[in-house]
């Protein structure tokens, strides 16, 4: 089976209004446009063969407002919705599409996104999930033909479901307080 993994992505920490617009546009182009283009490039061929799979790496950031990483969070919300839509459109063609939603994973994301060192440390108080564990969970979900999977344990399940229990304005303000405390 052919497998397309859209794993390229980037983020940026800081106030949207104060940051460089070109960096925000680059995040949109990489996180959204590249994934859409690659899916479109390979999907029809997968349909013609009646097999194939696409994994789009999104994030638990897709599930709530993300002040100070607003464009990153919004691109991941787009990618999650896009992935689940493609899953529904293509499952009858024998194509699997998965929105992979990890939390903090062992990588250099916080450094590249220029999080303050104190913020990166406080954001990742619990151990980072090893990349191998994220891959294992993704392949298991793909095998079950699930449309999305949240990896990284019970804390991440809580994070992605908090909007079901609290008003969005409270979630947005809480996230602002958490993400802005070391700004």
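The values are calculated or read from the model by the stated rules, or taken from the named source; none is laboratory data. Everything numeric here is computed off the predicted structure, so don't read it as measured data. Cβ atoms come from the backbone with ideal geometry, glycine included; neighbour counts cover every protein chain shown.
Quick notes on this one:
Table: residues versus (1) assigned to a helix (DSSP H, G or I); (2) in contact with a helix residue (DSSP H, G or I) (Cβ under 8 Å, 6 or more places away or on another chain); (3) touching a residue at least 12 places away in the same chain (Cβ under 8 Å).
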site	(1), (2), (3)
46	yes, yes, yes
56	no, yes, yes
61	yes, yes, yes
71	yes, yes, yes
76	yes, yes, yes
79	yes, yes, yes
84	yes, no, yes
87	yes, no, yes
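- Of all residues in segment 7-27, those being in contact (Cβ under 8 Å) with a residue 24 or more places away in the chain and closer than 16 Å to residue 109 by Cα number 10.
- Residue check for residue 50: exposed (fewer than 13 other Cβ atoms within 10 Å of the Cβ) and in contact with a helix residue (DSSP H, G or I) (Cβ under 9 Å, 6 or more places away or on another chain): yes
- Within segment 91-117, residues that are at negative phi and part of a strand (DSSP E or B) reach partners that are modelled with pLDDT under 75 and surrounded by fewer than 23 Cβ atoms within 10 Å (Cβ to Cβ) with beta carbons closer than 9 Å, at six or more positions or on different chains, in the pairs 96/1.
Yes or no, residue by residue, for (1) in contact with a strand residue (DSSP E or B) (Cβ under 6 Å, 6 or more places away or on another chain); (2) at pLDDT 90 or above; (3) more than 21 Å from residue 77 (Cα to Cα); (4) not in a helix (DSSP H, G or I):
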site	(1), (2), (3), (4)
122	no, no, yes, no
127	no, no, yes, yes
135	no, yes, no, no
142	yes, yes, no, no
146	no, yes, no, yes
152	yes, no, no, yes
155	no, no, no, no
171	no, no, no, no
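- Scanning segment 59-82 for any residue that is over 17 Å from the mean Cα position of the chain (by Cα), surrounded by fewer than 18 Cβ atoms within 10 Å (Cβ to Cβ) and under 21 Å from residue 149 (Cβ atoms) turns up nothing.
- Within segment 85-120, being modelled with pLDDT of 95 or more and surrounded by fewer than 18 Cβ atoms within 10 Å (Cβ to Cβ) holds for 85, 88, 89, 91, 92, 93, 94.
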